[in-house]
Amino acid sequence: MRIRGRRTTPGPDEPTPGSHERSQTSRFWVSGHWRNQAHGPGRSLRRPVYIHPFLRGPDDAPIKLSSTVRMLSSRRPSPEEQ
């Protein structure tokens, strides 16, 4: 089975494959996640680093609406607050 996209060539306003430049018209949330960060001699070692949730996109663009509720806090709620 072979699954292909609708188009094989990019349109005039789309980046070419492998290109990292993309014009974004809205901001959106990127979920928190773990990353294996390179460090040490020749960046040969890896250590887990947590990346906190953040907004991606141009600062002046509107935030894309979502039905997901996000709570951002620098502390964890105590059991009686939940």
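The values are calculated or read from the model by the stated rules, or taken from the named source; none is laboratory data. Quantities reported herein were computed from a predicted structural model and do not represent experimental measurements. Heads up, the Cβs are rebuilt from the backbone with ideal geometry, glycines too, and the neighbour counts pull from every protein chain shown. Surface areas here come from the heavy atoms of the whole protein model, side chains and all, with no ligands, DNA or RNA. Shrake-Rupley method; radii C 1.70, N 1.55, O 1.52, S 1.80 Å.
Details
- Where the alpha-carbon atoms of the stretch 22-73 are placed on the principal axes, they occupy 42, 27, 15 Å, in descending order.
- Accessible area of the stretch 25-77 belonging to carbon and sulfur atoms, whole % at 1.4 Å probe: 53
- Distance between the 7 Å Cα→Cβ label points at R47 and S74: 2.2 nm.
- Förster radius 25 Å - calculated FRET efficiency between W34 and L55 (Cβ-Cβ, nearest 0.05): 0.80
- Karplus 3J(HN,Hα) series, Hz, for the stretch 36-48 with 6.51 cos²θ - 1.76 cosθ + 1.60 (x for Gly, Pro): 8, 7, 6, 7, x, x, x, 6, 8, 9, 10, 9, x
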